[in-house]
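To start, the structure itself, in structure tokens.
The values are calculated or read from the model by the stated rules, or taken from the named source; none is laboratory data. Predicted model only: the values in this text are computed from it and were never measured. Cβ placement follows ideal geometry from the backbone for every residue including glycine, while neighbour counts extend to all protein chains displayed.
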């Protein structure tokens with residue numbers, strides 16, 4: 001397999017030099033660099049994978065938050081100089097990178113800054129085209145006393161702070177206040193800043209970075225980010241995908257044990273549902289299986305096992321926080337966790353961990369069945385205990401979804417199936433039968449209660465009436481379960497209904513623009529509090545993930561693909577560079593551009609983008625307990641080729657090389673590890689799916705060809721089995737919805753102040 005990556009600066013072809021079929025370190029990061037033109041002040045962020053992050057702004061010194069840590073912010077930014085002449089960042093060419101940034105000055109000098117993962121330290125380097133006296137000056141928020149102890153500069157915390165900073169350099173230096181200058185002319189000068197609760201701890205953190213800290217950081221991040229790899233014929237998508245993986249990895253922290261932050265800057269906590277929605281795109285498709293296991297095990301230790309047992313017995317927390325009491329008011333957190341536990345087991349074959357998760361399932365089902373299961377077997381819940389959880393002053397829900405929401409029932413069904421599989425692996429056949437029987441009951445009850453033959457309810461109200469607001473949640477009937485919770489023809493109609501009403505080119509709305517309660521803008525203080533719009537039209541980035549899953553299942557990848565392209569443009573150029581915001585306004589601005597809102601970096605947004613690439617376009621979903629590598633690809637017609645490195649198990653992987661020639665897809669598989677069965681459920685021209693199966697042996701590449709006349713493996717015909725009929729006649733032609741024009745009087749919620757709040761508080765919300 002061969003790769004060509006286009007470096008942004010210079011547009012030069014960069015050859016790949018690795019037998020692992022991924023680009024070398026410098027080529028990889030050069031291709032990822034997002035260049036900000038002189039004068040473009042754009043935010044960027046890098047994480048330390050502990051409990052902190054650096055937020056900067058291009059072409060501006062000290063314009064961002066700096067290195068934000070739980071114990072305060074001390075380091076804001078830095079400046080550099082060559083032979084006493086200051087390097088002016090405002091008119092330089094600045095490149096944003098996953099670990100920090102790189103600045104190219106007109107003089108030929110460069111700066112590079114890297115936040116060092118898991119080291120409580122950052123490194124800054126200045127280089128020059130010729131030997132010169134090079135200097136670096138850190139900009140601190142509130143420096144205390146400065147002293148030099150040999151080759152270390154120590155800054156004590158100012159009043160109100162607890163944070164020491166220690167600076168070390170890679171060569172002898174002179175100190176003038178906080179300006180560190182090379183003692184003799186040199187072409188490069190590197191300074192490391194370490195942070196700690198004492199001078200000794202800060203010094204230790206600064207010294208552990210080594211002699212070439214930025215190079216070491218790049219090597220480590222490259223190794224982590226390329227454990228899995230996907231390279232397509234679309235260079236812009238490749239760049240956005242690599243950024244999505246890097247951005248998702250930034251949220252993996254060690255603050256409360258291994259966890260995944262929900263978002264920055266406000267959601268620096270481990271939220272239950274957010275964590276497990278983000279986990280497959282953050283860790284599983286990336287091959288970070290030990291981290292995935294650590295996240296699952298860490299959340300398990302917070303399970304509610306209180307005695308005497310309360311109504312939340314068996315649940316994992318809604319949020320684990322350093323500042324607030326651990327709370328359990330989430331109906332979907334534990335079902336999401338169980339689903340991802342099983343997905344982790346399928347990726348890895350980790351049967352020992354399956355036994356551990358069975359122990360978690362026992363009290364969960366005991367509590368859920370006793371406290372929240374109705375006569376139909378459906379799972380009931382509070383109106384604000386789903387992901388649409390905003391409340392007015394922490395009381396009444398802005399968008400009531402109780403007591404039975406559509407995606408909660410799909411999660412409940414999948415949780416019961418997961419529990420049954422875990423029970424069977426543990427040898428508890430009685431519970432496996434019990435939970436499977438309840439899952440079957442839920443399946444029967446759900447369809448009768450939620451589906452009227454043409455419209456899927458978003459929830460059942462207290463009086464059992466159907467709330468038929470058009471929301472994206474119904475698409476999770478397609479994406480959440482491991483098998484078909486509802487019949488395929490129902491899934492097809494659901495996909496048609498939701499997509500045709502809600503999907504814009506830039507994302508999927510949380511409520512139809514035709515609905516009475518629709519809010520066109522998230523922050524619109526002249527008319528309402530921002531939480532009124534939070535789930536009433538506002539676009540959530542992560543919802544695009546399950547939308548792509550649903551479209552691709554039915555062969556509509558040529559609609560999901562332009563959505564993915566537009567999301568990629570958001571990652572590379574909208575708001576905080578290299579990541580995705582939590583939200584977008586439902587309607588674009590006056591110039592037709594999407595407007596980001598909410599947190600400026602959100603974990604599940606980028607995680608779902610990464611997951612789509614591996615699980616929905618390439619379609620890779622291993623099932624190691626069944627010794628099967630399963631593929632359900634939906635390859636956009638715009639892709640002429642792709643190459644992938646797909647990890648699974650304990651260090652195993654499969655390389656996949658795809659090329660389209662005419663109407664025939666040519667696949668090459670190369671397995672590293674024990675022999676595996678391979679199952680490929682492929683799309684036909686009419687959008688039906690057929691399946692072929694074969695055995696793949698390690699070290700014996702296999703060539704698969706799939707075309708109109710059937711499938712061959714190494715030139716020999718394979719048996720083809722029809723597995724999914726075409727639903728193109730049911731779904732029809734799908735297209736993006738045209739956004740309405742923003743004219744306040746056109747929207748009932750904007751015809752006076754706080755319209756929705758009044759409706760809710762008067763008890764009139766339907």
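Would you tally the residues in region 228-260 being closer than 25 Å to residue 634 by Cβ and either at pLDDT below 95 or surrounded by 18 or more Cβ atoms within 10 Å (Cβ to Cβ) (or both)?
18
Could you tell me how many of the residues in region 629-640 are surrounded by fewer than 17 Cβ atoms within 10 Å (Cβ to Cβ) and farther than 19 Å from residue 554 by Cβ?
The total comes to 1.
Could you say which residue among 116, 93, 139 is assigned by TED's automatic domain parsing to the domain that holds residue 166, touching a helix residue (DSSP H, G or I) at 6+ places or on another chain (Cβ under 6 Å) and in contact (Cβ under 8 Å) with a residue 40 or more places away in the chain?
Checking each option against the conditions leaves just 116.
Conditions tested, residue by residue: (1) under 16 Å from residue 610 (Cβ atoms); (2) outside any helix (DSSP H, G or I); (3) outside the structural domain of residue 656 (by TED's automatic domain parsing).
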residue	(1), (2), (3)
174	no, yes, yes
189	no, yes, yes
195	no, yes, yes
202	no, no, yes
218	no, no, yes
237	yes, no, yes
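Which ones in region 710-758 are outside any loop (DSSP other than H, G, I, E, B), over 22 Å from residue 667 (Cα atoms) and in contact (Cβ under 8 Å) with a residue 40 or more places away in the chain?
728, 730, 731, 744, 748, 749, 750, 755, 756, 757, listed by residue number.
Yes or no: residue 416 in contact with a helix residue (DSSP H, G or I) (Cβ under 6 Å, 6 or more places away or on another chain), over 18 Å from residue 312 (Cβ atoms), assigned to a helix (DSSP H, G or I) and in contact (Cβ under 8 Å) with a residue 40 or more places away in the chain?
For residue 416, the condition - in contact with a helix residue (DSSP H, G or I) (Cβ under 6 Å, 6 or more places away or on another chain), over 18 Å from residue 312 (Cβ atoms), assigned to a helix (DSSP H, G or I) and in contact (Cβ under 8 Å) with a residue 40 or more places away in the chain - is met.
Output the residues belonging to region 265-274 that are crowded, with 21+ Cβ neighbours inside 10 Å and more than 13 Å from the chain's Cα centre (by Cα).
268, 269, 270, 271, 272, listed by residue number.
Being under 21 Å from the mean Cα position of the chain (by Cα), in contact (Cβ under 8 Å) with a residue 40 or more places away in the chain and farther than 23 Å from residue 637 by Cα is true for just one of 482, 518. Which residue is that?
Criteria check complete, one pass: 482.
Can you tell me how many residues in region 583-626 are over 13 Å from the mean Cα position of the chain (by Cα) and more than 25 Å from residue 678 (Cα to Cα)?
18
Take residue 433 and decide whether it is at negative phi, in contact (Cβ under 8 Å) with a residue 24 or more places away in the chain and in the same structural domain as residue 340 (by TED's automatic domain parsing).
no
Listed residues 110, 127; which is without any contact (Cβ under 8 Å) to a residue 24 or more places away in the chain, within 37 Å of the chain's Cα centre (by Cα), within 20 Å of residue 212 (Cα to Cα) and not assigned by TED's automatic domain parsing to the domain that holds residue 266?
The match here is 110.
In this structure, is residue 702 free of Cβ contacts under 8 Å to residues at least 40 places away in the same chain, more than 19 Å from residue 644 (Cβ to Cβ) and not assigned by TED's automatic domain parsing to the domain that holds residue 509?
no
Please pick out the residue among 292, 223 that is under 21 Å from residue 650 (Cα atoms) and without any contact (Cβ under 8 Å) to a residue 40 or more places away in the chain.
Unique residue meeting the criteria: 223.
Can you give me the number of residues within region 451-475 that are under 30 Å from the mean Cα position of the chain (by Cα) and not in a strand (DSSP E or B)?
10
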